[in-house]
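See below for the structure under consideration.
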Amino acid sequence: MYKLLKNAVDTHGMRVFVVYENVEYSYKEIFERVIFTAEKLSTILEKRIAVISKNSLEFLILLLASPIAKKELLLINTRLTPSEIGHQLESAKISLVIVEKEFKEKVPTKIMHMTFQEIENSSSTLIEERENSLEEIFYIMYTSGTTGKPKAVPHKKKNLLASAQSSSEILGVGESDNWLLYLPLFHVSGLMILIRTMANHTALTLFKGFEEDKIIRVIEQKKVNIASMVPSTLLELVDRVNLQNFRIILLGGAKPSYKLLERAKHQNLPIFQTYGMTETTSQIATLTKEYIYTKVGSVGKVIPSNSLEIRNLQSDGVGEIFVKGTSVIDSYLEGDKIDWFRTGDMGSFDSEGFLYIVARRTDLIVSGGENIYPIEIEEKIIALVGVDEVCVVKRFDEKWGEVPIIYFVGNASLCDIMRVLDEKLAKYKHPREIIRVDSLPRNSLGKIMRHKL
């Protein structure tokens, strides 16, 4: 980390690196703060520590300083309950947490904690060896748990650098690039925006979260030109602000609806659809803007320095997705070695090698021996006027084994939904129940948490 940041300082020291709360910070200024914080952290005896914080300049500095201080940093989701946080700390064998003041009550009483201010006021020591080996663990994240129990994912230096390099080969780099960063830094998608920006010697504009009005003002002022977001966020923005200044809009976390793609096409937006997860250090496959409207539903092809295979093919050409490469972790924390990583997703290739994600393996519905893919039902329903969001999950059934259940948000009538299903889907794919809800449960990235329905 030291060499990466120092190289940026040596070549573009006065260039803006971070914009936060309307203040610009150069690479040189950030570097000085990082070294200051690293020398504070180096006095802490624990090798593995944790942090609980929403996005802030202090959190960003800590992320860059902890590897230089030879610390493994567990990034904790601020939305977790004290019980969930306690479980992660115990599982990762952590006894010290750096915490933003507003989250102090979430730290278990038996765990030591320090605020950012207390770290700043603590003693320091000079760090002699500042560089890290490729095999050193920089960050630990627990998977988002959208399908069940989270697992501890260690990101090593080699994973972070490889992911940043491969991403830059796909997305390109512009000297005036400025990433809009509102995604949580405790998630791999937010973290990798920071790492990519630093590796490319470009800039980012940091927000505490999705501060919609502030973000819209920054977009209107054309101060940012790259963003990573989930489809639901783009849908909120596309009708409120002109996004045509953007060089890249990277969509991930869910498949964009046809409604959204139609609006994006009308504005000629540069959409890149991406596929990835915590274990792949964010991106593992990307559909570039040239194909976004001709390969609708695809997530593109695997990014450089990585490989992707589909195994255990079924008669319909769908199988399990396995990945391998320098961006992919080689084990869970203190877990067995991983060669090819089993993603848990089901997918298929078309004749030109473009990847299509069909379902999570755990989401696949097997009803009376027939495979039912939730996305196939969801695509038909979301196209209906009056349906804002939809999610299909499975439920145990005595007769059929499993049956689909539809949850939707909107004012469409149940009769309209059934009419669409009658017209477009075989009877065995029809739901046992259709449930209207006010909202769908989502995690902090905006991904639907199916297991909570």
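No value in this document is a laboratory result; all are computed from the given coordinates. What you see is a predicted model, and the numbers here were worked out from it, not measured in a lab. All Cβ positions, glycine included, derive from the backbone under ideal geometry; neighbour counts span all protein chains shown.
What the table below lists for this structure:
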| read-out | value |
| --- | --- |
| For the chain: relative contact order, % (alpha-carbon pairs under 8 angstrom, 6 or more apart) | 11 percent |
| 0 to 90° range, to nearest 10: angle between helix 157-171 axis and the chain longest Cα axis | 60 degrees |
| Per-residue Cβ neighbour rank within 10 angstrom, fewest leading, 206, 237, 73 | 237, 206, 73 |
| Value of D in µm² per second that Stokes-Einstein yields for the range 365-452, Kirkwood Rh from Cα pairs, at 4 °C (1.567 mPa s) | 97 µm²/s |
| Given charges at beta-carbon only (K, R positive; D, E negative), |dipole| of the range 87-237 in Debye | 380 debye |
| Cα-based convex hull volume of the chain per residue, rounded to whole Å³ | 152 Å³ |
| Degrees, to the nearest 10: 57-68 long Cα axis against longest axis of the chain | 70 degrees |
| For peptides 345-356, 211-222, sequence by mean Cβ density within 10 Å, most packed first | 345-356, 211-222 |
| Length added when fully stretched, residue 136-residue 388, from 0.36 nm per residue minus Cα-Cα | 86.3 nm |
| Residue order, fewest to most beta carbons within 10 Å, for 20, 373, 139 | 20, 373, 139 |
| Separation between Cα centres of the range 193-270 and the range 40-116, rounded to whole Å | 29 Å |
| Filter on 6/157; 158/255; 106/337 - keep pairs with C-alpha separation over 22 Å | 158/255; 106/337 |
| Whichever lysines have a C-alpha closer than 20 Å to that of residue 214, once near sequence neighbours (fewer than 8 apart) are set aside | 54, 222, 223 |
| Gain in span if fully extended, residue 409 to residue 350, counting 0.36 nm per residue against the direct Cα distance | 18.0 nm |
| J(HN,Hα) series, the range 354-366, from Karplus relation 6.51 cos²θ - 1.76 cosθ + 1.60, nearest Hz, glycine and proline x | 7, 8, 10, 8, 9, 5, 5, 4, 6, 8, 4, 9, 10 |
| Tilt relative to the chain, helix 188-200 - C-alpha long axis, 0 to 90 degrees, to 10 | 50 degrees |
| Pairs of alpha carbons in the range 2-132 whose separation is greater than 27 Å (percent) | 21 percent |
| Nearby lysines by direct alpha-carbon distance to residue 110 (threshold 17 angstrom, same-chain neighbours under 8 apart not counted) | 93 |
| Length-normalised contact order of the range 1-74 in % [C-alpha pairs under 8 Å, at least 6 apart] | 30 percent |
| Pairwise label distance in nanometres, residue 395 with residue 168, each label 7 Å out on the Cα-Cβ vector | 5.1 nm |
| Chymotrypsin sites (Phe, Trp or Tyr not before Pro) restricted to the range 209-312 and DSSP loop, no more than 15 other C-beta within 10 Å | 293 |
| Nearby lysines by direct alpha-carbon distance to residue 399 (threshold 17 angstrom, same-chain neighbours under 8 apart not counted) | 427, 429 |
| Relative frequency of Cα-Cα separations exceeding 21 Å in the range 121-200, percent | 44 percent |
